[in-house]
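The values are calculated or read from the model by the stated rules, or taken from the named source; none is laboratory data. The structure displayed is predicted, hence computed values, not measured ones. Cβ sites come from the backbone with ideal geometry, for glycine too, and all protein chains shown count toward neighbours.
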2 protein chains.
Amino acid sequence: MQELRGMPVVHAMCEKMKEDIEKLAIHGIVPTLAIVRVGERADDLSYERGTIKRFTAAHAQVNVVNLPADCTQSMLEEAVMDLNSDSNIHGILIFRPLPKHLSEDSLKKLIAPEKDVDCFSNAGYASLFIGDKSAYPPCTPQAVIELLDFYNIDVCGKKVTVLGRSLVVGKPLSIMLLAKNATVTVCHSKTQNLMGECKSADILIASVGSAKMITAEYVHENQIVIDVGINMDGDKLCGDVDYENVSPIVKAITPVPGGIGTITTTVLLKHTVASAIMMQNRKIL
Amino acid sequence: MQELRGMPVVHAMCEKMKEDIEKLAIHGIVPTLAIVRVGERADDLSYERGTIKRFTAAHAQVNVVNLPADCTQSMLEEAVMDLNSDSNIHGILIFRPLPKHLSEDSLKKLIAPEKDVDCFSNAGYASLFIGDKSAYPPCTPQAVIELLDFYNIDVCGKKVTVLGRSLVVGKPLSIMLLAKNATVTVCHSKTQNLMGECKSADILIASVGSAKMITAEYVHENQIVIDVGINMDGDKLCGDVDYENVSPIVKAITPVPGGIGTITTTVLLKHTVASAIMMQNRKIL
């Protein structure tokens, strides 16, 4: 069994970006992501810390715009508009879900498409679906693609089963895998023959948010298993896959923690650097 | 074997729309579709005739805006803008592909989303992908959904294999089936085990544009086969399915001609009527 760890992927991605970041520095540009956080949710704070750590290590920057949990829609919209027009900001990440009194819909139209580094806007989803590559794909499914690419796992023609159809992972990932010529099956809570669909896959990708639901009976010895789930098992993190019992069987598997989740903030960095380059090129032209 | 003909679906859809069309008539409104046709392609002319026939029979109207094959981009854009602002036009259908010197991209942003009855715009694809139901889905995949609904074929939890991943049929259809809780597999030219994927499906939907490629070996006796292909076999129309040899085996199958292709213009009518009602309601409010 090969363990598909996320850290080597992160290092390779950062190595590739190094030169771009240095070139930008010559022009006095530091790739900068703005995080818009409403309130103080523990999940948000944890992801924010991870993002700042990753960006800082790569000589990039994160500016946090923290709004009070009871802020108004127009306060939030103004914050996003300010970031849109700020030429020192290259990417915008708005933490979701927002508190219930706030609406995502108007923000989806508001956020500058060229700074939308995590596919928040409708325009981003349209580009993803059409395949015109004018927008940045959402970070978690892109992290899966980065991992597959790094470990030379060619999905072309292969049967890839995606468990979960969320708008942030399963659905966009299925379109991205299809664009890489995989034969994609999307399974979900209503799927009748879930075990059969999993067992017949060459590559199984779990993103359902259900701790250790993929047990030994779902897999086979030639299978590659990618675990996107992040769940709590008591006070310990675990994935959607029962790693202990599945890993001895399959050909390769990502651990949780230490797998896909490790890569997402580096994707965010990659998109922010790409956006900084785009903005700089536009200035020169 | 049950033959799933399109005509009964059309009649049921028209019967349902009758009351709406009569109500609109009281307000002096005739649901009107504008077709934008550049040049005189035989395919376009044939589809145009079919559309006019269907609309006329239902007391709805089609206005054809025919531009010369050598028209400029700005002539085409002006035509679309005129239709956008014309309150007597409820739906706009732009025939594709356009001649090579013209670009679809600017039109995708230009067409009024509320009159985009065949999902031409990026906004339409975004709505489809997100599932927010604010836009009209493309007519051919919607014709498949109408047929499934009419014949009470519940896809929930079922294994549905879609052959083909085009932007006008396969890809949107897979998202629409997923929204109806099907377990969807998308196959294409790169799929390694095509026969296996077809044979293991409860419902097989072919939309590859390859005459009679689905032969008896691809199907089984409990299968429902939907044939979206329209190809020429000598001087005769045929589908992607080898009807003669497949139909005796399977549980149910759509014929070509007389199947899905029969329904698409009625979907166009349904969307145009819905748009006319929306525009009328907006006027009253």
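Looking at this structure, is A:VAL208 modelled with pLDDT of 95 or more, surrounded by 24 or more Cβ atoms within 10 Å (Cβ to Cβ) and not in a helix (DSSP H, G or I)? So A:VAL208 does not fit the description; no.
Consider A:PRO255 carefully, then state whether it is under 30 Å from A:THR56 (Cα atoms) and assigned to a loop (DSSP other than H, G, I, E, B). Judged against the criteria, A:PRO255 is a match. Scanning segment B:9-35 for residues that are among the hydrophobic types (A, V, I, L, M, F, W, C), buried (at least 16 other Cβ atoms within 10 Å of the Cβ) and more than 17 Å from the chain's Cα centre (by Cα) turns up B:MET17, B:ILE21, B:LEU24, B:ILE29.
Comparison of B:GLY157, B:GLY131, B:GLY124 shows that the only residue that is at pLDDT 95 or above and either within 14 Å of chain A (Cβ to nearest Cβ) or surrounded by 15 or more Cβ atoms within 10 Å (Cβ to Cβ) (or both) is B:GLY157. One residue stands out in segment B:1-54 among those that are touching a strand residue (DSSP E or B) at 6+ places or on another chain (Cβ under 9 Å) and of a type in the set (Gly, Ala, Ser): the one that is farthest from B:ILE153 (Cα to Cα), namely B:GLY39. Restricting attention to segment A:61-108, the residues that are charged (D, E, K, R) and buried (at least 18 other Cβ atoms within 10 Å of the Cβ) add up to 1.
Only residues in segment A:32-55 that are under 20 Å from A:LYS270 (Cβ atoms) count as the first member; pair them with residues that are basic (Lys, Arg) and assigned to a strand (DSSP E or B), Cβ under 8 angstrom, at least 6 apart or cross-chain, and list the lot. Every condition considered, the pairs that remain are A:GLU48/A:ARG37. Consider A:LYS16 carefully, then state whether it is farther than 30 Å from A:LYS100 by Cα and of a type in the set (D, E, K, R). Yes: the conditions hold for A:LYS16. Going through (1) assigned by TED's automatic domain parsing to the domain that holds B:THR72; (2) touching a residue at least 24 places away in the same chain (Cβ under 8 Å) one by one, B:ASP105 falls short only on (2).
For segment B:160-202, the candidate set comprises residues that are buried (at least 23 other Cβ atoms within 10 Å of the Cβ), assigned to a loop (DSSP other than H, G, I, E, B) and at the interface with chain A (Cβ under 9 Å from one of its Cβ atoms); within that set, the residue that is nearest to the chain's Cα centre (by Cα) is B:ARG165.
Remark: pairs (first residue in segment B:6-27, in a helix (DSSP H, G or I); second residue at pLDDT 95 or above and of a type in the set (Ser, Thr, Tyr); Cβ separation under 7 Å; 6+ apart in sequence or on different chains) = B:MET7/B:THR262; B:VAL10/B:THR262; B:VAL10/B:THR266; B:MET13/B:THR266; B:CYS14/B:THR266. Residues in segment B:94-121 that are within 19 Å of B:LEU268 (Cβ to Cβ) and in a helix (DSSP H, G or I) were compared, and the one that is nearest to the other protein chains (Cβ to nearest Cβ) is B:LYS108. I want to confirm something. Restricting to segment A:258-285 and keeping residues that are assigned to a loop (DSSP other than H, G, I, E, B) and on the phi < 0 side of the Ramachandran plot, which single residue is farthest from the chain's Cα centre (by Cα)? Going through the qualifying residues, I end up with A:LEU285.
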